[in-house]
Structures are given as C-alpha cells and as structure tokens.
1. Within region 71-113, count every residue that is modelled with pLDDT of 85 or more, under 30 Å from Ser124 (Cα atoms) and touching a Phe, Trp or Tyr at 6+ places or on another chain (Cβ under 9 Å).
2. Considering region 136-151 alone, what residues qualify as being surrounded by fewer than 15 Cβ atoms within 10 Å (Cβ to Cβ) and out of contact with any strand residue (DSSP E or B) (no Cβ under 8 Å at 6 or more places or on another chain)?
3. Name every residue in region 110-135 that is of a type outside the set (Lys, Arg) and either surrounded by fewer than 10 Cβ atoms within 10 Å (Cβ to Cβ) or not assigned by TED's automatic domain parsing to the domain that holds Lys155 (or both), in order of residue number.
Amino acid sequence: SDEEDDEEGGGGRRDRPEQEQDPALDIERIQSSTVRLLDAQKNMVGVISVSEAVRIADENDLMLAILSLDGDPPVLRLFEEKDYKKHKYEQQKKKRVQQKRSVAKRMGLKELKMGYNIDIHDYSVRLRAAKKFLKAGDKVKIVVNLKGRENLYKKQAIELLRRFQTDVASDRRK
C-alpha cells in the first residue's frame, strides 16, 4: 500500500480527485474558441477566449466551471471553492426536486385499502375503482391492514389480494 500512496502525490487538499470526475469542471469539453465569462459575483466579464478565462481563474486562484455548454458562446463562471460546492449542492437539489415532480406527473399512484374480511359490495366498489385508475394510466396499490388479532388471518388477506389481482387481470384481458 506504500506504493499506492506514492502514486497519489501526497494526498493533500490540492489534489482534489473529485473535480476530475465533475463534468462542469472539464474545460476540455468546450468546442468553442470563445466563452462568456461571469465572475464570482455573477457579473458579466465578457466574451473572451477559453485560454484567457483559464488564465484569469489561475491568476485569481479561482475555479472555472461550465454553467452552460449549450449557449452561444458557452457560459463559464469563476467560483471560490466553497461557493462552487454550494452551487453544485443547489443544482443537485433542484435536479432531485425536478425528478420527483416529473415522476409524479407521469404516473399517479392510487392506493386502495380494505380489510381481510371485506364485504362483497365493498370489494366490487374497490375493484371498479382499481379498473378505472388502471384505465387512466395510474398505478394501483392495494393495502390490507391487519391489526392485533387480525394477524392470525394473514392467509385470508393474501388470498384476498390474489383474488383481487386475478379479477382485475381477467377484466383487462376482455
């Protein structure tokens, strides 16, 4: 393991291996010869060459990150290390919220609850509701709650779920 330590080059804070994996810091991805540069306070510096942007970042001991490759020219911003980490966290947070929203919009999850000893009429109402939800493109989750002594009737609850599943499936095939 001593050989591995030598290859890492000391392992100090300057090495920052996680940055190599971050695509926003990979300046080689930029095909354009010029970029729009923003300073650490989000003020417009101007449209300058990529090499000039790298030089400015090095002189001021700042990080250079890609905000948008799609722009014409691409947009880069100078960051202090702590500000970049904060920016990256905010972006990840926005992305997570956006993913949750898009999943919720695409398909709803409807939940139907019943007891293991459900009445025939109540069963048919739940069955009709499940079919309606499935026809609308939603997922359906069936819950059979067992409380206290009802746990003795797990087999009946499982049998009820299987019967419900076959009833829904048989009507969908028709």
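1. 2
2. The initial filter retains those residues of region 136-151 that are surrounded by fewer than 15 Cβ atoms within 10 Å (Cβ to Cβ), namely 136-139, 141, 143, 145-149, 151.
The answer is Ala136, Gly137, Leu146, Lys147, Gly148, Arg149, Asn151.
3. Kept after step one, since they are of a type outside the set (Lys, Arg), are these residues of region 110-135: 111-112, 114-125, 127, 129-130, 133-134.
Hits for region 110-135 are Ile120, His121.
The values are calculated or read from the model by the stated rules, or taken from the named source; none is laboratory data. Keep in mind that what you see is a predicted model, and the values were worked out from it rather than measured. Note that we place each Cβ from the backbone using ideal geometry, even for glycine, and neighbour counts take in every protein chain shown.
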